[in-house]
1. Just from its helices, what would the mean residue ellipticity at 222 nm be for the chain, if runs of 4 or more DSSP H residues each count -39500 (n - 2.57) and the sum is divided by every residue, rounded to the nearest 500 deg cm²/dmol?
2. Taking R0 as 22 Å, what's the FRET efficiency between E82 and N142 from their Cβ-Cβ distance, rounded to 0.05?
3. Starting at the first residue of segment 21-34, write each ³J(HN,Hα) from the Karplus equation 6.51 cos²θ - 1.76 cosθ + 1.60 with θ = phi - 60°, in whole Hz, x for Gly and Pro.
4. Tell me, what ³J(HN,Hα) does each residue in segment 209-222 have, in order and in whole Hz, if you take phi through Karplus 6.51 cos²θ - 1.76 cosθ + 1.60 with θ = phi - 60° and put x for Gly and Pro?
5. By DSSP, what percent of the beta bridges with both residues in the chain are antiparallel, rounded to the nearest 5?
6. Compute, for the chain, the length of the dipole vector about the Cα centre, with Cβ point charges of +1 (Lys, Arg) and -1 (Asp, Glu) only. Units Debye, rounded to 20.
7. Can you give me the Cα centroid spacing of segment 179-232 and segment 63-89 in angstrom?
8. Between S210 and residues 5 or more places away or on another chain, which pairs have amide H atoms under 5 Å apart, with H built 1.01 Å from N, and which residues are they?
Amino acid sequence: MKYYLRKNLKYRENDGGSNSPNVEDAIFRLQGKVLKNIYKLPSNKRITTSLDFGCGQGSTVNFFHQAGYDAYGIDICKGDIEIAKRRYPYIADKFKLCKPDVFKTPLRKFTDNKKISLITGHRSLMYFDKEDFEKLLRNFNNSMTSNGLLYASMLSTKSTYFQIMKKSKFEWLRETVSKKNLNFEYMFFCESKKDVIKKFSIFKKMLIGSYYYQLDENDKITHYYQILCKKK
Ligand SMILES: C[S@@+](CC[C@H](N)C(=O)[O-])C[C@H]1O[C@@H](n2cnc3c(N)ncnc32)[C@H](O)[C@@H]1O
């Protein structure tokens, strides 16, 4: 496994999980405004399987389950998967631990071999170098139903993290530069909407947008692009 993937795993194992107890705004708006109204999901005729990639502590999976999906989630963080199973015992078997090089494993292995209608990657798809990200997207594509949808929110170069991280030797990826903090992650950032559409170009772009988050004016800025795309 590549060094940066091992480092990302170690970061998650040591520094703990994503600590998101509730489903985020971006996800419930996506379901209410777009998936339900425009795509009529989940279908009332057949099972609609969804997979939340990098599900953390499971709130998105639980939200889709409650909305009527056959919802699954995977993550590399053992602690978060354990929390998700405890928090949502009625769907405990839908949370699966995966390896950082999960792009090598057909994703249907995690959904009891069912084709996936909706894949969500909420703040979780930027932890790969170019080669591995492209493998991951091909894996998504192969695991989906025809007309399958992929939603992703991706950190942008407008975020404070972009400035405090430095270019690494892995294509696209930046790393934290700090002598004190030996636990750090590698991640990449998207420059513009055009860049996001290009990075996801094996899919057909349906919607592209963005959002900012900053709690206090002295706090870090996080800026995400969000894209909804469809299998071609
Ligand atoms: C910023 S957190 C977001 C968690 C959750 N999606 C949310 O929005 O609350 C990123 C998540 O991606 C997971 N992750 C990082 N690298 C991964 C990989 N190679 N495969 C699967 N999950 C990964 C992390 O463990 C973490 O839970």
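1. Working: 7 runs with 62 residues, N = 232.
Result for the chain, helices only: -7500 deg cm²/dmol.
2. Numbers: r = 29 Å, r/R0 = 1.33.
E between E82 and N142, to the nearest 0.05, is 0.15.
3. x, 10, 5, 8, 2, 4, 7, 6, 5, 4, 5, x, 8, 10
4. x, 7, 8, 10, 9, 8, 7, 9, 5, 8, 7, 4, 9, 10
5. Numbers: 22 of 40 bridges.
Around 55 percent antiparallel, to the nearest 5.
6. Details: 44 positive and 24 negative charges, 180 e Å.
The dipole of the chain has a size of about 860 debye.
7. Each part reduced to its Cα centre gives a spacing of 23 Å.
8. Sorted by chain and number, the residues that satisfy this are Q226.
Only the coordinates and a few stated rules stand behind these numbers; no lab work does. What you are looking at is a predicted structure, and each value in this text was computed from that prediction instead of being measured. Note that we place each Cβ from the backbone using ideal geometry, even for glycine, and neighbour counts take in every protein chain shown.
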